[in-house]
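What follows is one structure encoded as structure tokens, with my remarks underneath.
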Amino acid sequence: MTPPNNDPNNIIPPFDLENTTGFNTELAHYQLQRRFDTRVRKNEPLAHHSAFGVGGPADIWITVETRDELIGLVSLCAEEHWPLLLIGNGSNIIFTDAGVRGIVARVIGHEYQITEEANGSAILSAGSGSSWPRIAHELAPLGWGGVEFGIGIPGTLGGGLVSNAGAHDHDLSEVLEWIEVLDARGCNLEGDALSLPITRRYSKDELDLNYRYSRFRSGHESAFDQQGNILAVPRGLIEPAEIVMTLGIRLHPEAPQKLEENLKLYQRERKEYEPINRHTGSIFKDPEGQKASSLIEQAGLKGFTQGKVQVSDRNANYIVNNGGATTSDILNLIKEMRQRVQDKFNVKLELNVELRGA
């Protein structure tokens, strides 16, 4: 199935988020509390849900635990024209100091099933909110390999799919078979054209999976303006408009002892360069044929401290919050890192993290 409206000459006009002035926090909180009970909170500090530990408040924060809850929430927000931002672990998100208007919902849940096939392999059907490290740990003693390379990736499988996450010379595209998404693009239309979300299934070949990229990142990445400042990801009423719900991943049989050894090896390797203080994933993508960490280090920035944030002295493609930093502090350091590399090597680094807010 080819996803509709991906043709650049056939673009659907986006919903104008700035015109959603009818959002009533109190009313929305009342209605949502009837569905989600204590999992709904008002004026929730997003610093509590950020890997960096920074970010202003969300008008409303919700934790979504099941597929039915997710579909119901998206449908309700579409009907009521309530702005909704869906996230996973937030390990690659930086929230603005101003926070996020409307509703921010974290999708969690650890439901999965394994279907063995005649050829000896199996398909793992896992919810997008599943923790990658937890999945890897639980599959190893069962003798199923395929996802152990992601043991150190702190995010969810759904978030990993969007960026085609990887480690140790492997990435998710190598084992992915299919995904199921909740297509809410029709919810972001203006006026009478608005429609409710529908479920779609796509094979791996339809996702344009490349290095730290899938078609879900197209138009949904943070970029730099001409002055080198980071721009927040453009936002529609429902963001993202295509919500990954389930992933089908190919597993292969492997001796549990071998899998356990690999997990320990990957964890040791990760600890050698992973910063100790609060941090997101790597800040920049690696340019083709080069390492962003090496370019930043050669530009003299490894261990560089600016106020309360620091370029990691373990791996220069990480930034750490030494305590009390703000989003503005982090963004200023990212700008400095990119400019230094551009001045020295004439290489314009691209972001691997997302700025979300307002």
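The numbers here are math on the coordinates, done by the rules we state, and not lab data. Worth saying up front: this structure is predicted, and the values here are computed from it rather than measured. Glycine also receives a Cβ, built like all others from the backbone with ideal geometry; neighbour counts cover every protein chain displayed.
Give me the Debye-computed log₁₀ of I(q)/I(0) at q = 0.08, 0.11, 0.15 Å⁻¹ for the chain, equal point scatterers on Cα only, no solvent, two decimals. Computed log10 I(q)/I(0) values: -0.40, -0.78, -1.41. The residue list Cys187, Gln342, Gly109 was ranked by how far each Cα lies along the charge dipole of the chain toward its positive end, using unit charges on Cβ atoms, and Gln342 comes out on top. Bridge orientation summary for the stretch 76-165: considering DSSP beta bridges with both residues in this region, about 60 percent are antiparallel. Note on the chain: with a GNM built from Cα contacts shorter than 10 Å, the maximum mean-square fluctuation among Ser218, Ser203, Ser293 falls on Ser218.
Here the stretch 14-157 is assigned +1 on the Cβ of each Lys and Arg and -1 on the Cβ of each Asp and Glu. Its dipole about the Cα centre then comes out at about 300 debye.
Where both bridge residues fall in the chain, DSSP classifies roughly 75% of the beta bridges as antiparallel.
Within the stretch 276-358, the percentage of alpha carbon pairs spaced more than 20 angstrom apart rounds to 25%. In this Cβ point-charge picture (+1 for Lys and Arg, -1 for Asp and Glu), the stretch 34-76 has a dipole of about 80 debye about its Cα centre. Shape of the stretch 55-95 from its Cα gyration tensor (a ≥ b ≥ c, root eigenvalues): rounded if a/c is under 1.5, otherwise prolate when a/b > b/c, or oblate? Oblate, because a/c is 1.5 or more while a/b does not exceed b/c. For Gly99, the residues whose amide H sits under 5 Å from its own are Gly56, Ala358, ignoring neighbours fewer than 5 places away on the same chain, with H placed 1.01 Å from N.
From helices alone, the chain scores -7500 deg cm²/dmol at 222 nm; the rule is -39500 (n - 2.57) for each run of n ≥ 4 DSSP H residues, then divide by the residue total.
Computed over every Cα-Cα pair of the stretch 14-125 and binned at 10 Å starting from 0, the pair-distance distribution P(r) comes out as 13, 40, 29, 10, 7, 1 percent. Amide H contacts for Ser130 (H built 1.01 Å from N in the peptide plane; partners 5 or more residues away or on another chain; cut-off under 5 Å): Leu157, Gly158. As a size descriptor, the averaged projected area of the C-alpha convex hull of the stretch 183-311 was calculated at 13.1 nm².
In a reduced charge model with +1 at each Lys and Arg Cβ and -1 at each Asp and Glu Cβ, the chain shows a dipole moment near 1000 debye about its Cα centre. Under Stokes-Einstein, with the Kirkwood radius over Cα pairs as Rh, the value for the stretch 129-188 at 37 °C and 0.692 mPa s is 263 µm²/s.
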